[in-house]
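Asker: Quick one: this structure, given as structure tokens, is what I'll be asking you about.
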């Protein structure tokens, strides 16, 4: 090809745009971002050499507008367009528009995209190419005798499907021949009602298949190779949760046959660039069957990069420049194991509802030889409802599968936000499940283990105690004190003796009371005791290099950190996050020493008011007493001044942080 690419426009957003920019910049290419109004301050828009606004937040008027994409490329001087994944990545019109505008499309030709765009036509092509298909009947005849004959040929259990639609409508599983006719009639009625077409097809029903896919790469000169396989079986409503490479537990001869079938698939449509061929794999029989081909870069491509050492985006660009693939198939090696978790702004414990809001705090694991983070967000960014809720991907490597799994668990323990709920807690539950650890995988994994996966990482009992420890660390009680911190100013706070400190937790809408004593605070470790729910619990902790705690509680080692915002603390315990408010009388009084408003340190009852409006008071003078948690607490003036107002009455019940007395400072 005559002219090499010098500038790439990425027709996408978020983490994939940043990931493509990274490789393009390493290759010495200039980068162009296109962004909607909603993404004006997004990291990808700020990272590119050039960034152009292409319209409002609505994707149809920005990221899906081909004319705007082509115009942006011309305006910026870009000579190539990379579509990323999603949006226009498998759109034949974009590929054709690039060719018409003399722009390089970093992807397959429009003809290859079109060939795989029709699922039924694709299966005809694959059958001709010798790629295995799920045994089935797709004929025109709907005669009951034909159905019976074909059912016997296919074998039970089988799946009846509506030819005209999807979404589960007109779909029936038949396990015995005696059920066939009644289920066909029911499926026909439903298909007619839903799609206006009663036509059915039959396929073998795979009970517990796995989703295994093969990465392929083709140059423009007819050469193709497979870059091994990935397992993406753990899904929820067809949304992948965890991906890994290589797919575990597949015999070498089957793995080789699957890779060769994937290459035949690409050869059948004159494919160019990176693509993925998806198969259903039956672990019992070791059979595999073609599902579809994704004619683009996949979300999960990093796991393949980790086990092959190749940069797939780099090779997409090299192929688009007309370079030949330099390897023979036998030259390629798959080494080690890699896993990827998708980080979504969604609440798994509330129906996986997408979440919006501001990332007030963002903690991501540090990248190293075994951890990679492909992120599209930054602290302070507003997560909007306009686009896919995936914020980032966390990818880990290990010498074997279990090492990669453990590394991913530990990496997710370091991925936290305050302001938006994430799915990391749920993903961690999957990674820790014994069947996942043993590689007993199936596309029904989430369905089969739904009850176990619904259980949070920490019980209410543990959450209460971890909340207190996180709060104590946040306010400095578990560090060596000096005169600048609140603990150094509190004469009532002591460690290493029998003095019990009272506290109150507001957690999950409930109020909990207890006492604690910090028994020892060393340079990097310590001990404390918590008395709550009529139970005394001893807790040990150690300070980690990044400042977080490793807490030992009930035989578990837990990474614990937190981020405070106002009077609320976001607790980060392993991969779990929750919000808590902790009221502590001595901390509240100490913090209010120089304030004009004296507030209730916690929920309680006013027992005596020792001042009145207009009265002059001295610093340290007792102004009010209240009872909380069966203990009396005294609020004192923090400076010489005048009582401006009293906002409560004796015997009145007050809430934590409620203003009780207002003082006026003397004029200078």
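Asker: For residues that are without any contact (Cβ under 8 Å) to a residue 24 or more places away in the chain and either in a loop (DSSP other than H, G, I, E, B) or surrounded by 12 or more Cβ atoms within 10 Å (Cβ to Cβ) (or both), tally how many sit in the range 495-514. Full working, then the answer.
Answerer: To start, the set of residues in the range 495-514 that are without any contact (Cβ under 8 Å) to a residue 24 or more places away in the chain comprises 497-499, 509-510.
Subsequent filtering for residues that are either in a loop (DSSP other than H, G, I, E, B) or surrounded by 12 or more Cβ atoms within 10 Å (Cβ to Cβ) (or both) retains 497-499, 509.
Residues flagged as without any contact (Cβ under 8 Å) to a residue 24 or more places away in the chain and either in a loop (DSSP other than H, G, I, E, B) or surrounded by 12 or more Cβ atoms within 10 Å (Cβ to Cβ) (or both) within the range 495-514 amount to 4.
Asker: Evaluate the range 246-260: report whether one residue or more is touching a residue at least 24 places away in the same chain (Cβ under 8 Å), touching a strand residue (DSSP E or B) at 6+ places or on another chain (Cβ under 7 Å) and in a strand (DSSP E or B).
Answerer: no
Asker: Kindly provide the set of residues from the range 66-85 that are surrounded by fewer than 19 Cβ atoms within 10 Å (Cβ to Cβ), farther than 18 Å from residue 6 by Cβ and either within 29 Å of the chain's Cα centre (by Cα) or in contact (Cβ under 8 Å) with a residue 40 or more places away in the chain (or both), ordered by number.
Answerer: 85
Asker: Can you name every residue in the range 276-305 that is part of a loop (DSSP other than H, G, I, E, B), in contact with a helix residue (DSSP H, G or I) (Cβ under 7 Å, 6 or more places away or on another chain) and buried (at least 20 other Cβ atoms within 10 Å of the Cβ)? Break it down stepwise before answering.
Answerer: Residues of the range 276-305 part of a loop (DSSP other than H, G, I, E, B): 283-286, 295-300.
Right, trim to in contact with a helix residue (DSSP H, G or I) (Cβ under 7 Å, 6 or more places away or on another chain) and you get 286, 295, 297.
Answer for the range 276-305, where residues must be part of a loop (DSSP other than H, G, I, E, B), in contact with a helix residue (DSSP H, G or I) (Cβ under 7 Å, 6 or more places away or on another chain) and buried (at least 20 other Cβ atoms within 10 Å of the Cβ): 295, 297.
Asker: Here is a list: 93, 25. Which entry is free of Cβ contacts under 8 Å to residues at least 12 places away in the same chain, in a helix (DSSP H, G or I) and surrounded by fewer than 21 Cβ atoms within 10 Å (Cβ to Cβ)?
Answerer: Details: 93 fails: free of Cβ contacts under 8 Å to residues at least 12 places away in the same chain.
Among 93, 25, only 25 is free of Cβ contacts under 8 Å to residues at least 12 places away in the same chain, in a helix (DSSP H, G or I) and surrounded by fewer than 21 Cβ atoms within 10 Å (Cβ to Cβ).
Asker: Criterion first (touching a strand residue (DSSP E or B) at 6+ places or on another chain (Cβ under 7 Å), assigned to a loop (DSSP other than H, G, I, E, B) and buried (at least 20 other Cβ atoms within 10 Å of the Cβ)) does residue 427 satisfy it? Spell out how you get there, then give the answer.
Answerer: Values: touching a strand residue (DSSP E or B) at 6+ places or on another chain (Cβ under 7 Å): yes; assigned to a loop (DSSP other than H, G, I, E, B): no; buried (at least 20 other Cβ atoms within 10 Å of the Cβ): yes.
In short, no.
Asker: Checking the condition surrounded by 15 or more Cβ atoms within 10 Å (Cβ to Cβ) and closer than 30 Å to residue 6 by Cβ, which residue from 184, 106 passes?
Answerer: Answer to the check: 106.
Asker: Within the range 342-355, which residues are under 16 Å from residue 577 (Cα atoms) and surrounded by fewer than 17 Cβ atoms within 10 Å (Cβ to Cβ)?
Answerer: Residues of the range 342-355 that are under 16 Å from residue 577 (Cα atoms), as a first pass: 343-350, 352, 355.
Hits for the range 342-355 are 349, 350, 352.
Asker: Another question about this same structure. Can you report the number of residues in the range 118-140 which are touching a helix residue (DSSP H, G or I) at 6+ places or on another chain (Cβ under 8 Å), surrounded by 16 or more Cβ atoms within 10 Å (Cβ to Cβ) and in a helix (DSSP H, G or I)?
Answerer: Total meeting the criteria: 3.
Asker: Residue 33 - would you say it is outside the structural domain of residue 393 (by TED's automatic domain parsing), under 22 Å from residue 296 (Cβ atoms) and out of contact with any strand residue (DSSP E or B) (no Cβ under 9 Å at 6 or more places or on another chain)? Outline the logic, then answer.
Answerer: Details: outside the structural domain of residue 393 (by TED's automatic domain parsing): yes; under 22 Å from residue 296 (Cβ atoms): yes; out of contact with any strand residue (DSSP E or B) (no Cβ under 9 Å at 6 or more places or on another chain): no.
It is false that residue 33 is outside the structural domain of residue 393 (by TED's automatic domain parsing), under 22 Å from residue 296 (Cβ atoms) and out of contact with any strand residue (DSSP E or B) (no Cβ under 9 Å at 6 or more places or on another chain).
Asker: Among 111, 102, which is the only one that is part of a loop (DSSP other than H, G, I, E, B) and over 18 Å from residue 201 (Cβ atoms)? Even if it seems obvious, please write down each step before you answer.
Answerer: On the way: 111 fails: part of a loop (DSSP other than H, G, I, E, B).
Sole residue among the options that is part of a loop (DSSP other than H, G, I, E, B) and over 18 Å from residue 201 (Cβ atoms): 102.
Asker: Follow-up. Looking only at residues that are closer than 17 Å to residue 469 by Cβ and surrounded by 22 or more Cβ atoms within 10 Å (Cβ to Cβ) in the range 581-590, which one is modelled with the lowest pLDDT? Lay out the reasoning, then the answer.
Answerer: First, the residues of the range 581-590 that are closer than 17 Å to residue 469 by Cβ: 581-584, 587.
Restricting the remaining residues to those that are surrounded by 22 or more Cβ atoms within 10 Å (Cβ to Cβ) gives 582-584, 587.
On the way: 582: 89, 583: 80, 584: 71, 587: 53.
Within the range 581-590, the match that is modelled with the lowest pLDDT is 587.
Asker: Here is a follow-up. Can you tell me which of 622, 593 is under 50 Å from the mean Cα position of the chain (by Cα) and either modelled with pLDDT under 95 or surrounded by 18 or more Cβ atoms within 10 Å (Cβ to Cβ) (or both)?
Answerer: Numbers: 622 fails: under 50 Å from the mean Cα position of the chain (by Cα).
So the residue among 622, 593 that is under 50 Å from the mean Cα position of the chain (by Cα) and either modelled with pLDDT under 95 or surrounded by 18 or more Cβ atoms within 10 Å (Cβ to Cβ) (or both) is 593.
Asker: Taking the range 401-421, which residues are touching a helix residue (DSSP H, G or I) at 6+ places or on another chain (Cβ under 9 Å), within 13 Å of residue 574 (Cα to Cα) and in a loop (DSSP other than H, G, I, E, B)?
Answerer: Within the range 401-421, 413, 415 meet the criteria.
Table: residues versus (1) assigned by TED's automatic domain parsing to the domain that holds residue 311; (2) more than 30 Å from residue 427 (Cα to Cα); (3) in a strand (DSSP E or B).
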position: 181; (1), (2), (3): no, yes, no
position: 197; (1), (2), (3): no, yes, no
position: 216; (1), (2), (3): yes, no, yes
position: 222; (1), (2), (3): yes, yes, no
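Asker: Among residues belonging to the range 553-565 that are surrounded by fewer than 14 Cβ atoms within 10 Å (Cβ to Cβ) and in contact with a strand residue (DSSP E or B) (Cβ under 9 Å, 6 or more places away or on another chain), point out the one that is modelled with the highest pLDDT. Outline the logic, then answer.
Answerer: As a first pass, look at the range 553-565 and keep what is surrounded by fewer than 14 Cβ atoms within 10 Å (Cβ to Cβ): 554-557, 565.
Checking which are in contact with a strand residue (DSSP E or B) (Cβ under 9 Å, 6 or more places away or on another chain) leaves us with 554, 557, 565.
On the way: 554: 92, 557: 97, 565: 89.
Checking each candidate, the answer is 557.
The values are calculated or read from the model by the stated rules, or taken from the named source; none is laboratory data. This one's a predicted model, so the numbers in the text were calculated from it and none came from an experiment. As a convention, Cβ positions derive from the backbone with ideal geometry for all residues, glycine included, and neighbour counts pool all protein chains shown.
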